[in-house]
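What follows draws every value from the coordinates through simple rules; no lab data is involved. Remember, it's a predicted structure, so these values are computed and weren't measured experimentally. Neighbour counts run over all protein chains shown; Cβ positions are idealised from the backbone, glycine included.
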Amino acid sequence: MHPATLAVAWVKANPAVTAPIVGARNIEQLEASLAAADYTMPREQWEEIAALTPPVPVATDRDEERGK
């Protein structure tokens with residue numbers, strides 16, 4: 001699988017993401033990214049990839065969520 005396809009599929013499968021945003025400099029890059037639309041990533045695969053990096057804290061600018 002092309003790395004861009006895998007990356008977009010991983011983002012698409014993330015429950016915190018409503019829509020992945022892709023960018024491409026040429027048609028080959030675009031095709032690889034769009035191929036993720038036809039791939040349903042199994043939860044186990046998503047978890048395996050997600051475990052490669054620590055979770056990112058949720059970004060917020062709301063004072064009540066920061067305890068202020």
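Rounded to the nearest 20, the Cβ-based charge dipole of the stretch 3-66 about its Cα centre (Lys and Arg +1, Asp and Glu -1) stands at 100 debye. By the beta-carbon count within 10 Å of each Cβ, the least crowded to most crowded order of V17, V8, V22, V56, fewest first, is V56, V17, V22, V8.
Between E44 and A24, the distance separating the two model label sites (each 7 Å from Cα on the Cα→Cβ line) works out to 3.1 nm. Within the stretch 10-58, the trypsin sites (Lys or Arg not before Pro) that combine a DSSP coil assignment with at most 14 other C-beta atoms in a 10 angstrom radius are R25. When the stretch 3-66 is described by a simple charge dipole with +1 on each Lys and Arg Cβ and -1 on each Asp and Glu Cβ, the residue from P15, A51, T40 located farthest towards its positive end is T40.
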